[in-house]
Structures are given as structure tokens and as C-alpha cells.
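K.L.:
This structure is in C-alpha cells; I'll ask about it shortly.
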Amino acid sequence: MENPFRILCAVDASRPAAAAFEQALAMSARRGAQLVLVHAVSKDRRYSWRAVERVSALAALRERAEAQNVPVRVRVQQGDAASVILLHARAHAPDLIVLGSHEPMGLARFRFRSIADRVVKGAECPVLLIPAAHTRATAFRTVVCAIDLSSRSPAVVASAARLAGDSGRLMLLHVLHASVPHHSGRFGVPEFSRAMARDTRERLHSILKAQNLESDVRVTVSSKPVHDEILRVASEIKADLIVMGATRRAALWRRLLGSTALRVSRRSHLPVLILPAVRVKRNLSPLDQAVLGWAA
């Protein structure tokens, strides 16, 4: 018997977390999925700090899920938020993690990195990042799938196609960065850029043909940062969701700027789904099992 779809959602008192819960609940209700709510109590505070308010708030979320016949589990644990989320993700093996995309910036990012950055890096399943501005849950009918033509691109396209569904619209997008002055060729685009764009379109169509999928295909040449161009195209076509794969970058680069996918998520008013770079099932270590034993 096939295991039911399972969604893990991180919740706290913030607006982005509230938006994440609304989306996770709606998706669970539509798919008949199990919902796991994880709340991390900051290790800088006592576990009993505002415990009455916390219990009341989590009980209200549980009641809302049960009212929609969504099987729900609530887990509360003290510790670093990203570590707690990943610990329970290993324990419950969700098919999807839903997370509010509130991010520290500047020196805070350099010193600590964001919760989303660490969850995306450590997760073994896709992570859906929900901005605070996304106040109501929506079905994903227009999906932009931004791919880099790496070996993982076919898997990213397949996931995006499943989210768009038979009645949705899927657009494959690849951004070519214009690194030379635009001084020749028609419309100011150098000839070699046009050739690269043609080759890229052919490769995108090959991915679609191999998976028997239909999709719009767009290749853009831009002198702007890649994440800005992805956001521009998503806004232009009124997308509901952006799908990207997690990228591997040097540690210093990731600490300073974050991956392209995370930079998109910080600036996007749309949900962003980030697929893991590597999906490997790991067994819980004895230490993980001991720590989980203290979870409420």
C-alpha cells in the first residue's frame, strides 16, 4: 500500500509562517495529505516562555486542520529553528516542506545564514517558500520553471509539470547572461548570443519531448542578474509559482549572496518551490532519535 502524501510545515507567530500554514493546509486538504506542524522554541529563551499562548495558538491550527479532515500532528521542540525543522523532516520523511520566507539580511545573513538557506541545503525533499505577501492559498495554474540545463533539469521539469497539472500552464525559462556589450547584430544582440539562444531552445524542447510534455519555452538574454530576469518573466505572465533547482556554490558565495533560487525567493511575491540538489534517504542517527524523544 502506497504511503500517503505528507507535508511538513514550520509554524511560528510571524506573518510568513501564517501564510505558509494557509498554503500547506489548502494543499493537504486538496491532496488528502497528512500535515505535520513543527514549531521551534528559541534556544535563547526558556521552554516555558509564553507557553500558554503557544499551546493555544497551536491548538487553533490543529482545530482548523481537523475541521477540513486533514490528519495533523503537532511537534514542538526547543533549539535552532532550521535544525529542528530538518530533524523532524528526517523523522517524518515528508514529500514537501512548506516554510515562510522571512530572511535576515546584511551581517545577520553573513553570520548565521537564513533559516530557508539551511533548510533548502539540508532537506531531502522539495521546499516550498511562501512570502508574507502571499496572504491566501492558491492553486498553481501558471508555473514558471527556471532551469540551468544541468543534469538535474529533467527532474525539475517533471516536478513543475506535476504541479501545473493537465489544466495548468507550464513555461520553461532559461536566462542567458549578456556578459559582453550589445554593439552588433539585430536588435543589439550579438550573433553568438542568438546562436546560443537557438541551441538552448532546442535543448529545452528535447527535455519536453523525452518526457512527453507540452510547455511554453522561453530563452532570454539579459544583462541584469539572473534572479531579476526570472522575477520579471514570472510577473509578465502572471505566474502563480516559480520552480527551481537548488544550486551548489562556493561556501563564501552562498554566505554572502545565497543561491539564485534563494535570491529569487527573497524578492518574490510568489511562492517558490526549490528542489534539492541531491535526494538521499538517511536513517535517523541514535542522537537524532534521542533528541526527538524530548519533543512535545
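K.L.:
Test of understanding: among S83, S56, which residue is out of contact with any strand residue (DSSP E or B) (no Cβ under 6 Å at 6 or more places or on another chain), hydroxyl-bearing (S, T, Y) and more than 23 Å from P126 (Cβ to Cβ)?
P.N.:
Values: S83 fails: more than 23 Å from P126 (Cβ to Cβ).
Going through S83, S56 in turn, the sole match is S56.
K.L.:
Look at segment 30-47 and say how many of its residues are touching a strand residue (DSSP E or B) at 6+ places or on another chain (Cβ under 9 Å) and within 27 Å of G165 (Cβ to Cβ).
P.N.:
6
K.L.:
Could I ask something else about it? If L176 satisfies every condition in (1) touching a helix residue (DSSP H, G or I) at 6+ places or on another chain (Cβ under 8 Å); (2) surrounded by 19 or more Cβ atoms within 10 Å (Cβ to Cβ) but one, which is the exception?
P.N.:
Tallying (1) touching a helix residue (DSSP H, G or I) at 6+ places or on another chain (Cβ under 8 Å); (2) surrounded by 19 or more Cβ atoms within 10 Å (Cβ to Cβ), L176 fails exactly one: (2).
K.L.:
So which residues in segment 4-46 are part of a loop (DSSP other than H, G, I, E, B) and more than 19 Å from the chain's Cα centre (by Cα)?
P.N.:
P4, A13, G32, S42, K43, D44, R45, R46
K.L.:
Check I242, I230, I207 and return the single one that is farther than 22 Å from A116 by Cα and either at pLDDT 90 or above or touching a Lys or Arg at 6+ places or on another chain (Cβ under 7 Å) (or both).
P.N.:
I207
K.L.:
Of the residues in segment 47-99, how many are part of a loop (DSSP other than H, G, I, E, B) and open to solvent by 60 Å² or more (accessible area, probe 1.4 Å)? Don't jump to the end; show me each part of the working.
P.N.:
Filtering segment 47-99 down to residues part of a loop (DSSP other than H, G, I, E, B) leaves 47-50, 68-71, 79-80, 93-95.
If we keep only those that are open to solvent by 60 Å² or more (accessible area, probe 1.4 Å) too, we end up with 47-50, 68-69, 71.
Residues meeting the conditions: 7.
K.L.:
When segment 201-226 is examined, which residues are found to be polar (S, T, N, Q) and either part of a loop (DSSP other than H, G, I, E, B) or farther than 28 Å from C125 by Cα (or both)?
P.N.:
Answer for segment 201-226, where residues must be polar (S, T, N, Q) and either part of a loop (DSSP other than H, G, I, E, B) or farther than 28 Å from C125 by Cα (or both): Q211, N212, S215, T220, S222, S223.
K.L.:
State the number of residues belonging to segment 13-29 that are in contact (Cβ under 8 Å) with a residue 60 or more places away in the chain, open to solvent by 30 Å² or more (accessible area, probe 1.4 Å) and more than 12 Å from A65 (Cα to Cα).
P.N.:
3
K.L.:
While we're here: Filter segment 227-245 down to the residues that are outside any helix (DSSP H, G or I) and surrounded by 22 or more Cβ atoms within 10 Å (Cβ to Cβ) and list them by number.
P.N.:
A239, L241, I242, V243, M244, G245, listed by residue number.
K.L.:
Do the conditions hold for A296, that is, is it modelled with pLDDT under 50 and either within 23 Å of P126 (Cβ to Cβ) or not charged (D, E, K, R) (or both)?
P.N.:
yes
The values are calculated or read from the model by the stated rules, or taken from the named source; none is laboratory data. These figures come from a predicted structure and were not determined experimentally. Positions of Cβ are generated from backbone atoms using ideal geometry, with glycine treated the same way; all protein chains shown enter the neighbour counts. Just the protein is used for accessible areas: all its heavy atoms, side chains included, with ligands, DNA and RNA removed. Shrake-Rupley method; radii C 1.70, N 1.55, O 1.52, S 1.80 Å.
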